[in-house]
Amino acid sequence: MPKIPLRQGGPAARIAVIPGDGIGQEVTPEAVKVLRAVTAATGRTVEFVEFDWGADKYLRDGISLPPGSVEMLRDEFDAILFGALGDPRVPTNQHAADILLGLRFKLDLYVNARPVELLHDRLTPLRDRTERDIRLIVFRENTEGLYVGVGGFFKKDTPDEIAVQEDVNSRKGVERIIRYAFQYARQRKLKRVCMSDKSNAMTFAHDLWQRVFKEVRQEYSDIDSRHLYIDTLAMEIVRDPGQFDVIVTCNLFGDIVSDLGAQLAGGLGLAPSGNIHPGRTSLFEPVHGSAPNIAGKGTANPLGSVLTSAMMLEFLGWEREAAATRAAVKSALFKNYLTSDLGGDKTTREVGTWLANCVSSNAVADL
């Protein structure tokens, strides 16, 4: 898996845990179980502090993100392990927007990193593709674009209603995510960076992306860089995912194309992500969402959350523990010790316990 940039951590770390809603409350404890096992095996000291921010608290107390919480997380924690947000009892999902988008924006987590890696050949819907063919990473600009909430309604709920949503792009925001993608590729000795936009239609916002990309790429002549319109990129990922190493794009397109990539690698249940500001407290979350339709049934797949924890370990600079965690997930896939969505017959807890036992052995063997 392409590695996430390191935060130079010592032997100890303090992790905030926010399970959130739905299956987040089931898979997050299993990821913590695995984290405890792997760090105990290698002698790391980790303190986990759990926060009950989610729909239950919002409905009970009217509070989504408590006052002072952003500053507390920024100053007192090394990283945040996140579950999922979304509950049908809150149809507007206001609490989810307040918490997740609030943390992304207020902590300035401008990098959304979405690795796409096929861990077992049988998982991809693409014919004749193997693990060697699907191995890339998508960097999505995470603090601007159409997700900033700038816009409004005029004559709402009338036949003449108008809805406006503004796409916000700053030179600072565009340049730092593009530069990050190139730096990542150079540091990891990856050969190719692809920037994707829709500048043929979005002639102002994505003209900025075009101009900045042309400027920054000149500093990285050792890397093969190219541009594809987002519709072409989507087609090309399906046709030949092996042609990509690093993809960088805007907030909306990154959201969409990384989900496409996840499906090629086995689905959202295996998709980790990181919301990162290099060198600062960053947030790591699986991509699958809260899945209220299966919450509480013990069938939720914890692998996405465990792979997310491996990303967090890499961010902390704990490479050995991250490698042991990924190896345990891969072993579960090959031995079919899985939940029903991946063809197994195990419960969420059974998979988590098996991974914890496996990861301890992997970490010790690597010492």
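Tell me which residues, restricted to segment 127-143, are in contact (Cβ under 8 Å) with a residue 24 or more places away in the chain and either buried (at least 18 other Cβ atoms within 10 Å of the Cβ) or basic (K, R) (or both).
Passing the criteria: R129, R132, I134, R135, L136, I137, V138, F139, R140, E141, N142, T143.
Quick one: which of L146, L119, L190, L109 is open to solvent by 50 Å² or more (accessible area, probe 1.4 Å) and either of a type in the set (F, W, Y) or in contact with a helix residue (DSSP H, G or I) (Cβ under 8 Å, 6 or more places away or on another chain) (or both)?
Answer to the selection: L146.
Which members of segment 176-187 meet the condition of being open to solvent by less than 40 Å² (accessible area, probe 1.4 Å) and more than 15 Å from A113 (Cα to Cα)?
none
Somewhere in segment 9-23, is a residue farther than 19 Å from S273 by Cβ, touching a Pro at 6+ places or on another chain (Cβ under 8 Å), open to solvent by 30 Å² or more (accessible area, probe 1.4 Å) and not charged (D, E, K, R)?
No; the residues of segment 9-23 include none that is farther than 19 Å from S273 by Cβ, touching a Pro at 6+ places or on another chain (Cβ under 8 Å), open to solvent by 30 Å² or more (accessible area, probe 1.4 Å) and not charged (D, E, K, R).
Would you please list the contacts, defined by Cβ atoms under 8 Å and residues six or more apart or on different chains, that run from a residue in segment 93-106 that is touching a residue at least 24 places away in the same chain (Cβ under 8 Å) to a residue that is open to solvent by 40 Å² or more (accessible area, probe 1.4 Å) and part of a helix (DSSP H, G or I)?
Correct list of pairs: Q94/Y58; H95/Y58; L101/Y147; F105/V148.
Before we move on, is L101 at pLDDT below 95, of a type outside the set (F, W, Y) and not in a strand (DSSP E or B)?
yes
Quickly run through segment 84-98 and pick out the residues that are buried (at least 20 other Cβ atoms within 10 Å of the Cβ) and assigned to a helix (DSSP H, G or I).
H95, A96
Condition first: modelled with pLDDT under 95 and of a type in the set (K, R). Now tell me which residues in segment 307-361 satisfy that.
R320
In this structure, does T308 turn out to be surrounded by fewer than 22 Cβ atoms within 10 Å (Cβ to Cβ) and either in contact with a helix residue (DSSP H, G or I) (Cβ under 9 Å, 6 or more places away or on another chain) or in a helix (DSSP H, G or I) (or both)?
No, not satisfied.
Quick test for you: out of D207, D231, D224, D240, pick the one residue that is under 25 Å from P278 (Cα atoms) and surrounded by fewer than 22 Cβ atoms within 10 Å (Cβ to Cβ).
Step by step, each of D207, D231, D224, D240 is checked, and only D224 is under 25 Å from P278 (Cα atoms) and surrounded by fewer than 22 Cβ atoms within 10 Å (Cβ to Cβ).
Can you tell me which of (1) over 30 Å from G62 (Cα atoms); (2) in contact (Cβ under 8 Å) with a residue 60 or more places away in the chain is the one R122 doesn't meet?
Just one mismatch for R122, condition (2).
Out of the residues in segment 311-349 meeting the condition of being among the acidic types (D, E) and open to solvent by 10 Å² or more (accessible area, probe 1.4 Å), tell me which one is nearest to I137 (Cα to Cα).
E319
The values are calculated or read from the model by the stated rules, or taken from the named source; none is laboratory data. If you're wondering where the values come from, they're calculated on a predicted model, not measured in any experiment. Positions of Cβ are backbone-derived with ideal geometry, glycine not excepted, and every protein chain shown enters the neighbour counts. Keep in mind that these areas ignore ligands, DNA and RNA; they rest on the heavy atoms of the full protein, side chains included. Shrake-Rupley method; radii C 1.70, N 1.55, O 1.52, S 1.80 Å.
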